[in-house]
Amino acid sequence: MKAEAKAMQTPEAMAAAKAKGAEFVQGKLTADMQKNPKMSDAQKQKLTKKYAAEFQKQVKAQSMAQLSQKVAAEMNLK
């Protein structure tokens, strides 16, 4: 498992995660801006932070689920 954790910290993996996060945030922000084209910069910044946190929460939840599955498989607890 340590090898898998290290693999997730490679520059390529980190760049891919950052790109996915930026795409997620931009997609959500674009949708909101279509609903409210006169959105202020402050509102955009607030939403950007909100969506970044939302993305991080999703990534953590997915990581924990995958880790739980791997641990259970290794312990033959399926």
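Restricting segment 36-52 to residues that are open to solvent by 100 Å² or more (accessible area, probe 1.4 Å) and part of a loop (DSSP other than H, G, I, E, B) leaves a set whose member that is nearest to Lys20 (Cα to Cα) is Pro37.
I'm trying to understand the selection: among the residues of segment 36-47, which are farther than 21 Å from Lys60 by Cα and of a type outside the set (Lys, Arg)? Residues satisfying the conditions are Asn36, Pro37, Met39, Ser40, Asp41, Ala42, Gln43, Gln45. Scanning segment 53-68 turns up no residue that is exposed (fewer than 10 other Cβ atoms within 10 Å of the Cβ), among the charged types (D, E, K, R) and modelled with pLDDT of 95 or more.
Which of the residues that make up segment 13-26 are more than 10 Å from Phe55 (Cβ to Cβ) and among the small types (Gly, Ala, Ser)? Correct list: Ala13, Ala15, Ala16, Ala19. Inspect all residues belonging to segment 16-30 and state whether any of them is modelled with pLDDT of 95 or more, more than 14 Å from the chain's Cα centre (by Cα) and outside any helix (DSSP H, G or I). No, segment 16-30 contains no residue that is modelled with pLDDT of 95 or more, more than 14 Å from the chain's Cα centre (by Cα) and outside any helix (DSSP H, G or I). Residues of segment 18-35 that are closer than 21 Å to Val59 by Cβ and open to solvent by 50 Å² or more (accessible area, probe 1.4 Å): Lys18, Ala19, Lys20, Ala22, Glu23, Gln26, Lys28, Thr30.
The values are calculated or read from the model by the stated rules, or taken from the named source; none is laboratory data. Remember, it's a predicted structure, so these values are computed and weren't measured experimentally. Glycine also receives a Cβ, built like all others from the backbone with ideal geometry; neighbour counts cover every protein chain displayed. Heads up: the accessible areas ignore ligands, DNA and RNA and are worked out on the full protein's heavy atoms, side chains in. Shrake-Rupley method; radii C 1.70, N 1.55, O 1.52, S 1.80 Å.
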